[in-house]
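So the structure is just underneath, and the comments pick up after that.
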Amino acid sequence: MILDNEGAVQEPREDLPGNAGPASAGPCEPEGIDAVGLLAEKEVELAATIDRLKRLQAEFENYRKRSARDVAALRERVADGEICSFLPLFDSLERAFTAYRETKDAEGFVVGVEKIFGQFRQILEQKGLKRICTIGERYDPELHEALASLPSEEEKNTVIEELSPGYARDGRTLLPSKVAVSQGPGAEEKEES
């Protein structure tokens, strides 16, 4: 029985699809659709997608390995280039020591080593290396490493002594200067009190 909007009872009509009587025992399939065929088609698509993913994964793994080999080869070439730039200095030093052993000419040896030192400095400058300025400069923890704080007439935190030089390249500190900094004027008086 079905109630209408006004509460009256209506009898079900058998000519309407919703009133077909007892439900059929099989699954509800719209006409013209083959579920088994559709499932088989989707399984083929899934297998193709899995195959593509496996191929992509293998390609990526090969790319990663190739990139690692390329980076390692580049590092070797860079290292080789750096070594080659210093080999003339090594050869010159070797010749200087050989000549000194043969002649025992200390003055000539010193002059030769000074020339080699000049070549060495020139190579470093060509590579962009610069010595960090220290004495009289304001202490900068990016450039300096303070090893001592000493009483001085200089303004507080001014570098008053370079204990070991520091170097920078392209605005980056490679090795900070080891320095002593001033405690400022009147620091001795405060310590004595």
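The values are calculated or read from the model by the stated rules, or taken from the named source; none is laboratory data. The model shown is predicted, which means the values in this text are computed figures rather than measured ones. Ideal geometry is used to build each Cβ from the backbone, glycine not excepted, and the neighbour counts take in all protein chains shown.
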(request) Look at region 148-168 and say how many of its residues are over 14 Å from Gly186 (Cβ atoms) and surrounded by fewer than 13 Cβ atoms within 10 Å (Cβ to Cβ). (result) 2
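Which of the residues belonging to region 78-100 are in contact (Cβ under 8 Å) with a residue 24 or more places away in the chain and either small (Gly, Ala, Ser) or surrounded by fewer than 11 Cβ atoms within 10 Å (Cβ to Cβ) (or both)?
If the condition is that a residue be in contact (Cβ under 8 Å) with a residue 24 or more places away in the chain and either small (Gly, Ala, Ser) or surrounded by fewer than 11 Cβ atoms within 10 Å (Cβ to Cβ) (or both), then Ser85, Ser92 are the ones that fit.
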(request) List every residue pair whose Cβ atoms sit under 7 Å apart, with the two residues 6 or more apart in sequence or on different chains, where the first one lies in region 101-121 and is part of a helix (DSSP H, G or I) and the second, anywhere, is at pLDDT 95 or above. (result) none
(message) Restricting to region 166-181, name every residue that is out of contact with any Ser or Thr (no Cβ under 7 Å at 6 or more places or on another chain) and within 14 Å of Leu124 (Cβ to Cβ).
(response) Tyr167, Ala168, Arg169, Asp170, Leu174, Leu175
